[in-house]
Amino acid sequence: MKILHVINSLSTGGAEKLVADLAPLQREHGHEVEVLLFRGGESVFREGLENVGIRVYDFGAGTSVYSPLNIFRLIPFMRKYDVIHVHLFPAQYWVAIAKLLSLSKVHLVTTEHSTNNRRRGSLIWKIFDSAVYACYSSIICCADMARTSLCRHIGNWKRICSISNGVDIEKVFQSVISSRGDFGICEDVFLMCQVARFVFPKDQETVVRSLSLLPKNIHAVFIGDGERRENCESLAEKLCVRERIHFLGLRPDVPGLLKMSDLVICSSAYEGLSLASVEGLASGKTVLASDVPGLAEVVGGAGILFPQGDEKALAGAVSRLASDKEFYNETATACLRRSRDFDIRKTAEAYLAVYEKA
């Protein structure tokens, strides 16, 4: 098959990582795979795709993903592929409209990457979403909870299914451990790590608040960037824990940084299926996650869940893991075992089955 993945950009995030991991595996199965971005620019994910020979198109670094002009930029691509796989809003809208205007017979597939968004609960958006999703041969939800949420929004359509996101488990587990010394972190520090953009629904603030309740030998590393980073830095200053927090920004060596840490924290208000949590499981470390859809089904029964936004509960869990080595080792082993359920190769095979059915 000739397959095109369409996504707003390849900057950072779970959907972007899925595209970066999925496309090469689909090509390994003998298919011709390319990627199209609305907003261009350099990124780790784009570099990785191009390094393995996958062509990446874009509409320019300054392009607005919300511009309706993207519809007309898409039309030349509509007749070149057997399957166009679309990720995220508003790309889902523009591709659907471009197909209608071009009279193309290409099969559209989209992935719903979250259990919630700002359009849910609105009657007018329900009408618009229903019309747009009707243009897709298959709507794939990244987790069962995401499917349940979408069905509540637009109805229980037969074309809606769920396929769990995945990561390259072996690559994460076998990655080289990053050196704490490179970041000025002492070896005797008990280190927790969160990988996430500084945007809602990510909740780094709860992690920052928990540090004020924990001993001074417990530090936190944040990997990522975004509009709420300055708020977190200000909060850290206010709570007098700034010297125990390491803001590393965007990094290409996430697996090594996870293995450098003692705990992986996933603090969010909601998720689809968190690839950051799966990478945490695969790193062989204990994962602590907020007890919300998209995290509970990945981490529950292996790592530890805490009530969303509850810094006291988070601090209590961290304190126990830091002081009880036997308990820590038991949960870390359970986390690694759970990660095998989310191997990207299983995800790739399931997606190809959907394409072939379409």
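Using 0.36 nm times the number of residues separating residue 230 and residue 323, minus their current alpha carbon distance, what extension gain do you get? Before the final figure, lay out the partial values.
Working: separation 93, 0.36 × 93 = 33.48 nm, distance 3.18 nm.
My answer for the length gained is 30.3 nm.
Name the residues whose placed amide hydrogens come within less than 5 Å of the amide hydrogen of residue 162, ignoring near sequence neighbours (fewer than 5 apart) on the same chain.
Under 5 Å from the amide H of residue 162 lie the amide H atoms of 141, each far enough along the sequence or on another chain.
State which stretch of the chain is the longest one without any exposed GluC sites (Glu not before Pro), exposure meaning a DSSP loop state and at most 16 other Cβ atoms within 10 Å. Present the calculation step by step, with values, prior to reporting the outcome.
On the way: sites that count: 42, 187, 227.
Answer - 43-186.
Taking 8 Å as the Cα distance limit and 6 or more residues as the minimum spacing, I'd like the relative contact order of the chain as a percentage. Present the calculation step by step, with values, prior to reporting the outcome.
On the way: 716 pairs, mean separation 53.9, N = 358.
RCO, the chain: 15 percent.
Suppose every K and R has +1 on its Cβ and every D and E has -1 on its Cβ; what is the size of the dipole of the chain about the Cα centre, in Debye to the nearest 20? Please report the intermediate quantities before stating the final value.
Values: 42 positive and 41 negative charges, 239 e Å.
Value, rounded to 20: 1140 debye.
Evaluate the relative contact order of region 75-208 (contact order divided by residue number), counting alpha-carbon pairs under 8 angstrom at least 6 apart; express in whole percent. Can you show the working numbers first?
Numbers: 137 pairs, mean separation 23.3, N = 134.
Relative contact order here is 17 percent.
Got a number for carbon plus sulfur as a percent of region 1-61's accessible area, 1.4 Å probe? Can you show the working numbers first?
On the way: 1040 of 2380 Å².
Roughly 44 percent, rounded to a whole number.
How many percent of the accessible area of region 235-358 is carbon or sulfur, using a 1.4 Å probe? Numbers along the way, then the final one.
Values: 2350 of 4860 Å².
Roughly 48 percent of what the probe reaches on region 235-358 is carbon or sulfur.
Can you tell me the 0 to 90 degree angle between the C-alpha axis of helix 325-339 and the longest principal axis of the chain, rounded to 10?
Between the helix axis and the principal axis of the chain, the angle is about 10 degrees.
Loop only by DSSP, 13 or fewer other Cβ within 10 Å of the Cβ. Give me the trypsin sites (Lys or Arg not before Pro) in region 1-96 that pass, ordered by residue number. Please list the in-between numbers first.
Values: sites: 2, 17, 27, 39, 46, 55, 73, 79, 80; in loops: 39, 55, 79, 80.
Answer by residue number: 55, 79, 80.
Largest first, how would 58, 21 line up by accessible area (1.4 Å probe)? Numbers along the way, then the final one.
On the way: 58 55, 21 35 Å².
These residues rank, largest area first, as 58, 21.
According to the square roots a ≥ b ≥ c of the eigenvalues of the Cα gyration tensor, what is the shape class of region 49-117, taking rounded for a/c under 1.5, prolate for a/b larger than b/c otherwise, and oblate for the remainder? Mind showing how you got there, number by number?
On the way: a/c = 1.16, a/b = 1.02, b/c = 1.13.
It comes out rounded by the Cα gyration axes.
What does the charge count near residue 214 come to, summing +1 for each Lys or Arg and -1 for each Asp or Glu among other residues with Cβ under 12 Å from its Cβ? Please report the intermediate quantities before stating the final value.
Numbers: positive: 209, 216, 244, 312, 320; negative: 311.
Overall, the nearby charge balance is +4.
Give the range of the longest stretch in the chain that excludes all chymotrypsin sites (Phe, Trp or Tyr not before Pro) found in loop regions by DSSP and having at most 16 other beta-carbon atoms within 10 Å. Could the numbers behind the result be given before it?
Details: sites that count: 66, 157.
Counting only loop sites that pass the neighbour cut-off, the longest clear stretch is 158-358.
Please compute the net charge surrounding residue 126, taking Lys and Arg as +1 and Asp and Glu as -1 over other residues with Cβ under 15 Å from its Cβ. Intermediate values should be presented prior to the final figure.
Values: positive: 118, 119, 120, 152; negative: 112, 129.
My count for the surroundings of residue 126 gives +2.
Can you give me the accessible area per residue for the chain, using a 1.4 Å probe, in Å²? Intermediate results must be reported in sequence, preceding the final value.
Numbers: 15260 Å² over 358 residues.
Using a 1.4 Å probe on heavy atoms only, each residue of the chain averages 43 Å².
The values are calculated or read from the model by the stated rules, or taken from the named source; none is laboratory data. Predicted model, so just to flag it, every value in this text is computed and none were measured. So basically every Cβ, Gly included, is an ideal-geometry build from the backbone, and we count neighbours across all protein chains shown. The protein model used for the area step is the full one, side chains on, heavy atoms only, and it has no ligands, DNA or RNA in it. Shrake-Rupley method; radii C 1.70, N 1.55, O 1.52, S 1.80 Å.
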